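Okay, so here's the structure we're looking at.
Quick note: the coordinates plus some simple rules give every number you see, no bench work behind them. Here the structure is a predicted model, which means the values were calculated and not measured. As a convention, Cβ positions derive from the backbone with ideal geometry for all residues, glycine included, and neighbour counts pool all protein chains shown.
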Amino acid sequence: MIITTIKELRAYLDTQRKSGKTIGLVPTMGFLHEGHLSLIRRAKAENHIVVMSDFVNPTQFAPNEDFESYPRNIEHDEQLATDAGADVIFYPSVEEMYPNGSSTFVEAEGDITKVLCGASRPSHFKGVTTVVAMLFNIVQPQKAYFGQKDAQQAAVLIKMATDLHMNIELIVCPIVREEDGLAMSSRNTYLSANERAQAVILNQALVKAKTIFENGEHNVPNLIKTITDKITEMPLADIDYVSIYEYPSLKTIETVKEKALAAVAVRFGKTRLIDNIILEK
Ligand code: AMP
């Protein structure tokens, strides 16, 4: 069932809550793939009612980014989400979410939003925390589901929920990949055949780093060099960043102590892809 207004969604959820139903939320920007569906299935296994939001959020895109061209297909999404167990697809307009006069934002300050994607997309996480805070207020779920694919986003949202004492459990689900290892992403559709073939290098480089890490290489600059050297084997790969931070704090480290996030962002033509792997002793 598609619901487009906050009023209708609240009325539906109030009725469900009154009959003792628990609610799980899966925020997405639509153009669904198996990565999204894995979150819906997990949410359905752990809650009575699953709300999947399908909203391309303008405030998390910079003016030069792909907000207008971001792929959209609500009919297809409705079918896939419903089959995976979503009870409601919340599909609001931009005006519904940001009515005239809307000027309040939620922002996590500090390194957590400045490193990695925050460096090349300085306003991005402010848009993400704002829209997710709105969705939390509208849906009031017990649990909300996010993908490890966007590891920094998950860390930022956990910080937001903790700092603002939100009574919602955030659950981070594993990255779903194509058979050749490419992390599933709605943006993969932008890739030409050549770019798509070369994009496998992201996962290969991260897996190589994990292997040498497990064989005793814990020095961060050496691990970063291994990843960078591997990615630059592909002529179409244009690196935005290759970074390793302590996880989930995203603090700078020289040596991996307990748990770290190795993350990459790489452009292939106009398409910017991200991927990551956890290095854990
Ligand atoms: P998006 O529609 O790209 O904003 O993603 C919506 C949610 O799905 C986010 O929590 C993402 O981290 C998650 N997600 C996207 N791609 C994947 C994937 N390949 N595996 C697991 N989760 C994913």
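Each row is one residue, and each column tells you yes or no for (1) away from the ligand (no atom under 14 Å from the Cβ); (2) touching a Pro at 6+ places or on another chain (Cβ under 6 Å); (3) over 15 Å from V264 (Cβ atoms).
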| site | (1), (2), (3) |
| --- | --- |
| M184 | no, no, yes |
| T189 | no, yes, yes |
| N194 | yes, no, yes |
| Q204 | yes, no, no |
| N222 | yes, no, yes |
| K225 | yes, no, no |
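Of all the criteria given as (1) surrounded by fewer than 13 Cβ atoms within 10 Å (Cβ to Cβ); (2) under 25 Å from Q152 (Cβ atoms), the one not satisfied by G101 is (2).
Within the stretch 18-37, if we keep just the residues that are small (G, A, S) and under 30 Å from L182 (Cβ atoms), the residue that is surrounded by the most Cβ atoms within 10 Å (Cβ to Cβ) turns out to be G24.
Please indicate, with yes or no, whether at least one residue in the stretch 25-40 is farther than 15 Å from S185 by Cβ and more than 11 Å from the ligand (Cβ to nearest atom). No, the stretch 25-40 has no match at all. Which residues, taken from the stretch 41-63, are under 19 Å from P92 (Cα atoms) and either within 11 Å of the ligand (Cβ to nearest atom) or touching a Gly at 6+ places or on another chain (Cβ under 6 Å) (or both)? Matches in the stretch 41-63: V50, M52, S53, D54, F55, V56, N57, T59, Q60. The single condition among (1) in contact with a helix residue (DSSP H, G or I) (Cβ under 6 Å, 6 or more places away or on another chain); (2) crowded, with 18+ Cβ neighbours inside 10 Å; (3) more than 23 Å from L170 (Cα to Cα) that E78 does not meet is (1).
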